[in-house]
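Just so you know, all these numbers are worked out from the coordinates, no wet-lab data involved. As the structure is a computational prediction, the values presented were derived from the model and not from experiment. Here Cβ is always computed from backbone atoms with ideal geometry, including for glycine, and neighbour counts include all displayed protein chains.
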């Protein structure tokens, strides 16, 4: 234990303030002794949970003992657990080549909550990557269904060949599909719920209202037109850079000087509020011939009451990119912009603007808000004497409400310059880029930033009462800050 | 505290062009005050009395340097421009050397009106030296304790005994560290005075009057120089002349492209209030400080890219690693030219810089490592 673990005592407590400055110690090491004590019921193994990290072998027996114990804990965990499946609970999955999917005639298991799609006959259809994942986990047994069977309907599953993992891997149609699988499996093992974006879901939830409302939207958002125009150079700004500028004009504060400097370089403004987001989506639909970089996965955080037919907005969106594939490249600026424009997830930055953002009320299913849709389906199912979904729904809602207030109050108290710092550091719309390099996956979060809309200059004042200019207008006094 | 106030005063102005802020009070019912105010208003100007002179040295690579003592300090104090050639950033060589040679008890820093402040008498370089010394002392102490532990193990100590010892050691290390940090505040001054044996070479540093010669000068980055002449009239040299120094008259667009891009980025951040300094120590183009190096650590590292650029992933990941390791945020700054190359070079040649820089557009993307385990909630 001592040797294999980093000394990460602080790991448990993450200061919310420093949340964005995390980085360096990330992987939480598995404490095998804990797991071992669960498996080994006599639980005599009680090693110190975390200790100092030894630098090198010091030749003492004690170190050897510690190392041995740490290793043993790990092996005990693995060797004592029951592996394999019982014959009774075996689930067979059949690969269907022409659909590149797999079918489970008698599906059962908890995986059904997040994976697969049932058809009318009660069979569960799995996407190929889901199939491989479940086979790899030992949850289902993979079989190959022979094509000849399809001519005689009755003997459909008669001729079946059990597949090895090697066989399964050879069935990936492209390298890219395999890359996507690795990312999928990695996230899935960590508890996330990834879904392929192209995969057909029950209903699609969108942050944007459906196209029928686009026309109204246009009217609503036309007043934001000016926002998206890039700053034009005015006569005055040209004047600022003339030789005789300071002969004619007198600047009485530094901000005035900055404002003169400000008008030279154009910068891209990014959507920051709901209306701006709607408007940018509307604009995007008008545009033709734009570059499209398809998103690969929608990802939901681990969630007990996930409903695969109506999952709501995803928490993240992921694009998989293989570093060594010559046909792919790291996205250029244009491609990044188009990706940002195509995103449709729980835009986390909106929480900064308005804390108590209810995502159900702010996302749309079939043209109506999701909360409306949910109550509609809930009441429908209640009529069918099935109160379960609505129950889980209310439970979910109440959970939300109990959790939210704390976080709300916390973020409310941040002074403007801290809020500005957070805006600059977190950016706006973002997606996750998963980079594949010979089986190694790295994740990168790419976010739109807008330094052009934030001013950070410091305003001195003639009295020793320093003020700080924040957010392009509101000056806050920080005299008290300086005195302490 | 007091240091903060001193800095507050010393670095009052974020730009070398000062606003007109010393106008007398305007008293509404006193017409004489109106006249006086108007007189003062028309008399005062934002422009500098005497523009700063720069020299150009070097044949293959151009060095833009400021040699006058006061002007060096002025550029540093008002916006943190340039780097002292023998110092870390602020030109402090002369002050440090004077103290070292025992010529002057007050380091150069005090010249700027920050006297009688023990904390301030230490130059940045001195502080770093002190910190390094402390660190090595701490490491020695730690090594000693580690040896103790090893000794216990060799004697065949038990695990329980070891945990007790570890706990004790941790406590004593913590105390050691606390003592160190307390020590610096009080010991700072006596440490500063130490015996010094002048070497022969040191005599060469003095002029006839026994005064220390100023050998250090402040070097400006080309983008800084252009900013100080084109955007703010601070340097003697005109933008057109500077452009002529930087590039041959027959320059093609490819020659000026990367410089223009750097300038556009530099100006963009400067104009929004950032203190922009070179980011070469962090493997990127620029560092963004909120007010300036004495106030806060830089929070952002900026790398400039053409808007159609796509580098190998290793390029991004290596910079991001370095930047992330220094707890900064990595910003990819994409620059797009909105006019054709021909037009751009024509504008450069006719010295229409305002129009030239105005036809560029910047947009930022943040790049940050994402760890799934930390985003699960």
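May I ask you to sort B:297, B:63, B:268, B:307 by Cβ crowding, counting other Cβ atoms within 10 Å and putting the fewest first? Fewest to most other Cβ atoms nearby, the residues stand as B:297, B:63, B:307, B:268. Counting Cβ atoms of other protein chains within 10 Å of each residue's Cβ and taking the mean over peptide A:419-425 gives 3.
Between helix B:31-43 and chain B there is an angle of about 90 degrees, using the helix long axis and the longest principal axis of the Cα atoms. Per-residue ellipticity at 222 nm, computed for chain B from helices alone with -39500 (n - 2.57) per DSSP H run of at least four residues, works out to -14000 deg cm²/dmol.
Can you give the FRET efficiency to the nearest 0.05 for residue B:201 and residue B:129, using r as the Cβ-Cβ distance and R₀ = 22 Å? That pair, residue B:201 with residue B:129, gives E of 0.60.
Taking other C-beta atoms within 10 angstrom as a stand-in for reagent exposure, A:450, A:80, A:344, B:25 fall in the order B:25, A:80, A:450, A:344, fewest first.
Take each residue in B:262-275, count the other chain C-beta atoms within 10 Å of its C-beta, and the mean is 5. Counting neighbouring Cβ atoms within 10 Å and putting the fewest first, the residues A:131, A:347 line up as A:347, A:131.
Does segment A:92-173 classify as rounded, prolate or oblate by the C-alpha gyration tensor (a ≥ b ≥ c root eigenvalues; a/c under 1.5 gives rounded; else a/b over b/c gives prolate, otherwise oblate)? Taking the square roots of the gyration eigenvalues as a ≥ b ≥ c, segment A:92-173 is oblate.
With label points built 7 Å along Cα→Cβ from the Cα atoms of residue B:295 and residue B:258, find their separation and express it in nm. If labels sit at residue B:295 and residue B:258, their model points lie 3.2 nm apart. If you run the Gaussian network model on chain B, springs between alpha carbon atoms under 10 Å, then out of B:341, B:141, B:171 the most flexible one is B:171. Counting, for every residue in B:166-173, the Cβ atoms of other protein chains within 10 Å of its Cβ and taking the mean gives 1. Considering only B:314, B:60, B:181, the Gaussian network model of chain B with Cα springs below 10 Å gives its largest mean-square fluctuation to B:60. Taking every C-alpha pair closer than 8 Å and separated by at least 6 residues, the mean separation divided by the residue count of segment B:247-374 gives a relative contact order of 22 percent.
Take every pair of alpha-carbon atoms less than 8 Å apart whose residues are at least six positions apart; their mean separation over the length of chain B yields a relative contact order of 15 percent.
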